[in-house]
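I have a structure here, written as structure tokens, and I will follow up with some questions on it.
The values are calculated or read from the model by the stated rules, or taken from the named source; none is laboratory data. Note that this is a predicted model, so its numbers are computed, not measured. No Cβ is skipped: glycine too gets one built from the backbone with ideal geometry, and neighbour counts run over all protein chains shown. In case anyone asks, the SASA skips ligands and DNA or RNA and just uses the protein heavy atoms, side chains included. Shrake-Rupley method; radii C 1.70, N 1.55, O 1.52, S 1.80 Å.
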Amino acid sequence: MCKAVLLKKLKSFLFPLLVICHPFNPIQAQSEIQQRFFTSQNGLKISWVHSLTESPDQTIWMGHGAVYTLTSYDGYSFNYTECPQVIVDKVYEDNTGNLWAVDVRASRNILVSTDGNWQTFYLEAGIPFLPSPGHTNKLLFLKEGHLWEFNKVSQKIQIIKKHEQAGIGRFL
């Protein structure tokens, strides 16, 4: 009887071990992490980047600080866009291809580029702001706990939603 119990315990131990170690049972390993570093050897003119944003078409926009050039990366190549002689913070691209940025030295200046032509609008949007997806020429931003909208064409600012109307407290 002791031999039967011992044989049963040995089978219950060896069977799972045999299943795990069987040569026809492929064991999946974690795939390696793909990391990429870009330098001037890869075509990047300026390797120092202070801000990164992603556009709706998944292009990566890079701000370089005191250099008046913005870089976009589409996954294959770098493209360069000249910006006005100001230091811009993060650059956002809306669905229509307009670029939106804030002048770091004068944070009330919103810079908008349409087809490479930059315009400066004076408004107290603050940071962060977000170009309205799907809405041409509009900018959404939070100020004083409310959701505001700036229309580039009419140059009008209006409150879209007051925090009291939301019922969830002040917008942060």
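Can you give the accessible area of ASP89, probe radius 1.4 Å, in Å² rounded to 10?
Solvent-accessible area, nearest 10 Å²: 40 Å².
At 1.4 Å probe size, put THR69, THR39 in order of accessible surface, largest to smallest.
Of THR69, THR39, the descending order of accessible area is THR39, THR69.
Quote the FRET efficiency, to the nearest 0.05, computed for TYR80 versus GLN155 with a Förster distance R0 of 30 Å and r equal to the Cβ-Cβ distance. Provide the component values of the computation, followed by the final result.
Values: r = 29 Å, r/R0 = 0.97.
Calculated transfer efficiency: 0.55.
Top to bottom by accessible area (1.4 Å), largest first, where do LEU140, LEU99, LEU52 land?
LEU52, LEU140, LEU99
Which net charge results when you count Lys and Arg as +1 and Asp and Glu as -1 among the other residues whose beta-carbon is under 11 Å from that of SER72? Spell out each step's value before the answer.
Details: positive: none; negative: GLU54, ASP57, ASP74, GLU93.
Taking every Cβ under 11 Å from that of SER72, the sum is -4.
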